[in-house]
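Here's the structure, in structure tokens; my notes come after.
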Amino acid sequence: MRFFACCFLCILHTCIFTSAMAQQFDWQGHRGCRGLMPENSIPAFKKALDLGVTTLELDVVISKDKQVVVSHEPFFSAGICLDTDGKEIPKADEKKHNIYQYTYEQIKSFDCGSKGNPRFPEQQKMKVYKPLLSEVFTEMEKYRKEKNLPQYAYNIEIKCEPEGDNVFHPAPEEFSDLVYKLIGKHTSWERITLQSFDFRVLQYWHQKYPQVKLAALVENTKSLESNLKSLGFTPQIYSPYFMLLLSKESVEKIHKAGMLLIPWTLNEEGTMKKLKSWGVDGIITDYPDRTKGL
């Protein structure tokens with residue numbers, strides 16, 4: 001009887017823990033904390049954890065030598081990066097600096113933090129490189145333990161589009177397999193959400209890796225029904241541009257369809273407060289410091 005009682009208590013504890021985690025509001029640091037630190041950088045992710053995010057949101061692309069690199073664009077953006085000599089990259093030439101055509105050794109020599117970002121005047125300028133996803137996993141877990149910070153999750157976006165296949169990135173299948181293999185070596189899948197605007201990516205993961213939690217990124221003005229029909233299945237998370245959520249009823253509609261709702265990218269406290277009151281399940285923001293008290 002004692003054995004069965006212990007088993008029951010273990011199961012009960014697991015259920016309570018899972019329920020609590022499911023109900024926790026998910027504050028996600030967009031590209032770490034782009035409003036405060038260079039985006040998608042190790043310092044940005046550390047700062048986001050310091051500010052109490054529950055999820056680190058980031059983007060990945062692929063290098064010439066098939067490394068999974070953390071970057072929003074599959075090229076070196078003229079707006080935030082300097083070349084290997086520390087010089088400005090002309091806007092007209094930025095796509096010539098195609099990450100898929102560089103080895104990671106070459107990629108790491110670009111500076112994507114000293115220039116700053118004029119869209120985010122609070123962002124601290126510092127010399128940073130685009131890290132490997134494997135480095136992010138290793139460094140963030142080390143940092144969490146050193147600072148005795150709570151456990152956190154990852155929301156990883158595969159940056160892919162049909163026009164870029166085999167030009168700026170591999171086709172969705174190869175791209176996805178590279179990311180899946182890398183993640184599996186470094187962390188548990190319970191901590192991972194895989195997101196993409198490219199429904200081909202989500203469809204592939206849904207079919208080949210059904211255990212992975214998926215988020216459909218949306219910035220089009222199509223109806224919820226139309227987007228789900230195009231996708232072909234109901235993902236765990238629906239993640240639209242926040243301006244597409246026009247009322248509390250639109251939030252309720254997504255919930256009734258059986259999905260969590262995590263909009264992007266909210267940076268004004270008033271807007272965060274309004275959508276939180278409407279019942280969204282999380283918020284993706286460039287400014288995790290603005291979430292205090294919300």
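Looking only at segment 248-263, decide whether some residue is closer than 22 Å to Val70 by Cα and in contact with a Gly (Cβ under 9 Å, 6 or more places away or on another chain).
Checked against the condition, which is being closer than 22 Å to Val70 by Cα and in contact with a Gly (Cβ under 9 Å, 6 or more places away or on another chain), segment 248-263 yields at least one hit.
Can you tell me which residue within segment 176-230, out of those that are of a type in the set (S, T, N, Q) and in contact (Cβ under 8 Å) with a residue 40 or more places away in the chain, is nearest to Trp264 (Cα to Cα)?
This residue is Gln195.
Go through segment 137-172 and count every residue that is among the aliphatic types (A, V, I, L, M), buried (at least 18 other Cβ atoms within 10 Å of the Cβ) and either within 21 Å of Ala215 (Cα to Cα) or at pLDDT below 95 (or both).
Here the count works out to 3.
From the list Leu228, Leu194, which one is within 14 Å of Asn155 (Cβ to Cβ) and among the hydrophobic types (A, V, I, L, M, F, W, C)?
Among Leu228, Leu194, only Leu194 is within 14 Å of Asn155 (Cβ to Cβ) and among the hydrophobic types (A, V, I, L, M, F, W, C).
Whether any residue in segment 79-88 is out of contact with any strand residue (DSSP E or B) (no Cβ under 8 Å at 6 or more places or on another chain), part of a helix (DSSP H, G or I) and more than 27 Å from Thr265 (Cα to Cα) is what I want to check.
Within segment 79-88, not a single residue is out of contact with any strand residue (DSSP E or B) (no Cβ under 8 Å at 6 or more places or on another chain), part of a helix (DSSP H, G or I) and more than 27 Å from Thr265 (Cα to Cα).
Have a look at Phe120, Phe75 and point out the one that is crowded, with 18+ Cβ neighbours inside 10 Å, touching a residue at least 24 places away in the same chain (Cβ under 8 Å) and in contact with a His (Cβ under 7 Å, 6 or more places away or on another chain).
When all the criteria are applied, what remains is Phe75.
Restricting attention to segment 151-173, does a residue exist that is over 26 Å from Lys46 (Cβ atoms) and aliphatic (A, V, I, L, M)?
Taking every residue of segment 151-173 in turn, at least one turns out to be over 26 Å from Lys46 (Cβ atoms) and aliphatic (A, V, I, L, M).
Among the numbered criteria (1) farther than 24 Å from Asp65 by Cα; (2) in a strand (DSSP E or B); (3) not basic (Lys, Arg), which single criterion is violated by Pro121?
Every listed condition holds for Pro121 apart from (2).
If I filter segment 219-271 down to residues being part of a helix (DSSP H, G or I) and small (Gly, Ala, Ser), which single residue comes out as surrounded by the fewest Cβ atoms within 10 Å (Cβ to Cβ)?
Within segment 219-271, the match that is surrounded by the fewest Cβ atoms within 10 Å (Cβ to Cβ) is Gly270.
In segment 21-65, how many residues are assigned to a helix (DSSP H, G or I), more than 22 Å from Leu182 (Cα to Cα) and touching a strand residue (DSSP E or B) at 6+ places or on another chain (Cβ under 7 Å)?
Summing the residues that are assigned to a helix (DSSP H, G or I), more than 22 Å from Leu182 (Cα to Cα) and touching a strand residue (DSSP E or B) at 6+ places or on another chain (Cβ under 7 Å) in segment 21-65 gives 1.
Do we have any residue at all in segment 94-110 that's on the phi < 0 side of the Ramachandran plot, among the aromatic types (Phe, Trp, Tyr) and in a loop (DSSP other than H, G, I, E, B)?
Within segment 94-110 (the criterion being on the phi < 0 side of the Ramachandran plot, among the aromatic types (Phe, Trp, Tyr) and in a loop (DSSP other than H, G, I, E, B)), the answer is yes, since at least one residue qualifies.
Scanning for something over 22 Å from Lys64 (Cβ atoms) and among the polar types (S, T, N, Q), does segment 238-247 turn up at least one residue?
The answer is yes, given that some residue of segment 238-247 is over 22 Å from Lys64 (Cβ atoms) and among the polar types (S, T, N, Q).
Only one of (1) in contact with a Ser or Thr (Cβ under 9 Å, 6 or more places away or on another chain); (2) at pLDDT below 95 fails for Gln23. Which number is that?
Exception for Gln23: condition (1).
Give segment 272-293 a look and list any residue that's assigned to a helix (DSSP H, G or I) and either without any contact (Cβ under 8 Å) to a residue 40 or more places away in the chain or within 19 Å of Glu39 (Cβ to Cβ) (or both), or say none.
Those that are assigned to a helix (DSSP H, G or I) and either without any contact (Cβ under 8 Å) to a residue 40 or more places away in the chain or within 19 Å of Glu39 (Cβ to Cβ) (or both): Met272, Lys273, Lys274, Leu275, Ser277, Trp278, Pro288, Asp289, Arg290, Thr291.
In segment 124-151, which residues are part of a loop (DSSP other than H, G, I, E, B) and polar (S, T, N, Q)?
Passing the criteria: Gln124, Asn148, Gln151.
The values are calculated or read from the model by the stated rules, or taken from the named source; none is laboratory data. These numbers come from a predicted model, not from an experiment. Cβ atoms come from the backbone with ideal geometry, glycine included; neighbour counts cover every protein chain shown.
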